[in-house]
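A short write-up of the structure that comes next.
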Amino acid sequence: MKQLLARHKKEQREAVAQITALKKQATKKNKRAILSQCADIQSSLNLRQEREIAEFMGNNGTLNSRVTSADNESSDEIIPEKLLASMNFVSSELPQPVTASSPQKPKKRNRAKERLAKRQEKLDAIRAEALSEAAVTPDYRAMEEETIGKLLENRGLTVHEVQPDGHCLFRSLSDQLALRHDIQVTVEELRRTAAQYIRGHRDDFIPYLFDEETMAVREVDDYTLELESTAMWGSDMEILALAKSYDSSVEVLTAGSAPITFNVEGSGPQLIVAFYKHSYGLGEHYNSCR
């Protein structure tokens, strides 16, 4: 038994030397394989030695038999407990294989969430800038309403608001014709009347049809067709055409400039409308003045 134990100790120390030599040869690429090989060497050696001890004890008596008399035990006697303890001592001296822990994977970036966050930052910056500008920007709407309100007050007039859409000029003039000329006329009829007058007096309206962006003059027939068949906004052309058609001057009150009168020589009762640039969300707008 002493010879078996001595051989086992020698094998364990040789295994230590072999494992140490292998670890010194390890690189980043083969480190995991080397560590696995070292663990296999140690494990197979331990299993073989335990099997040899079991076989030896089986041939020389029961593993679990104990000597009851301490006096009969000598310090040189080999018993299973001492043998296993000796093996454990040798094993504890061996360098333990280091398990290569797999690197922790970084959390996957949520790029969609990052884009939304950046977009929200931009919106917040734009909103803050808009609020900052609004704090120092004049309130043009309030200024316009105040100016036109004073003009009307000085002349004893009030505003009759009409629906703010593409027909607002024609609705305002329809209200004025009913009020001052006692003529009931629809928006559609006013559009046709203006279109007919423009087609009949082409030369008078060609300057209005010049497009500065395209540097070309728009065809009268194309323009009047759109005027009659769509909700195209009315302009100075339509005011002049209707003023001529009803033989009446049309006065346009506006903030920031003197009133503009179309067809001054008209003999009928004057029609009065107010023109707004800032007071309505859709942009330019006309109201009737009563």
Original post:
Do any helices (runs of 4 or more DSSP H) lying entirely in the range 1-97 carry at least 3 residues that are at pLDDT 80 or above and at negative phi, and which ones are they?
Top reply: 2-24, 31-60
Subject >> the range 104-140, residues that are among the charged types (D, E, K, R) and either assigned by TED's automatic domain parsing to the domain that holds Phe275 or outside any helix (DSSP H, G or I) (or both) >> reply: Lys105, Lys107, Lys108, Arg109, Asp139
Subject >> Cross-chain or 6+ apart pairs with Cβ under 8 Å, the range 232-257 first and touching a residue at least 60 places away in the same chain (Cβ under 8 Å), then part of a loop (DSSP other than H, G, I, E, B) and of a type in the set (Lys, Arg) >> reply: Thr254/Lys277; Ala255/Lys277
Original post:
Out of the residues in the range 1-45 that are under 26 Å from Met57 (Cβ atoms) and among the hydroxyl-bearing types (Ser, Thr, Tyr), which is farthest from the chain's Cα centre (by Cα)?
Top reply: Ser44
Original post:
List the pairs whose first member sits in the range 29-50 and is in contact (Cβ under 8 Å) with a residue 24 or more places away in the chain, whose second member is of a type in the set (A, V, I, L, M, F, W, C) and not in a helix (DSSP H, G or I), and whose Cβ atoms are under 8 Å apart, counting only residues at least 6 apart or on separate chains?
Top reply: Lys31/Ala100; Arg32/Ala100; Leu35/Ala26; Leu35/Val98; Leu35/Ala100; Gln42/Leu94
Original post:
Say we look at the range 210-227 and pick out the residues that are in contact with a Lys or Arg (Cβ under 8 Å, 6 or more places away or on another chain) and at pLDDT 95 or above; which of these is nearest to Ser174 (Cα to Cα)?
Top reply: Leu227
**OP:** Go through (1) surrounded by 14 or more Cβ atoms within 10 Å (Cβ to Cβ); (2) under 27 Å from Ile53 (Cβ atoms) one by one and return the number of the condition Lys23 breaks.
**Re:** (2)
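The values are calculated or read from the model by the stated rules, or taken from the named source; none is laboratory data. The shown structure was predicted, so the numbers you read here are calculated from the model rather than taken from an experiment. No Cβ is skipped: glycine too gets one built from the backbone with ideal geometry, and neighbour counts run over all protein chains shown.
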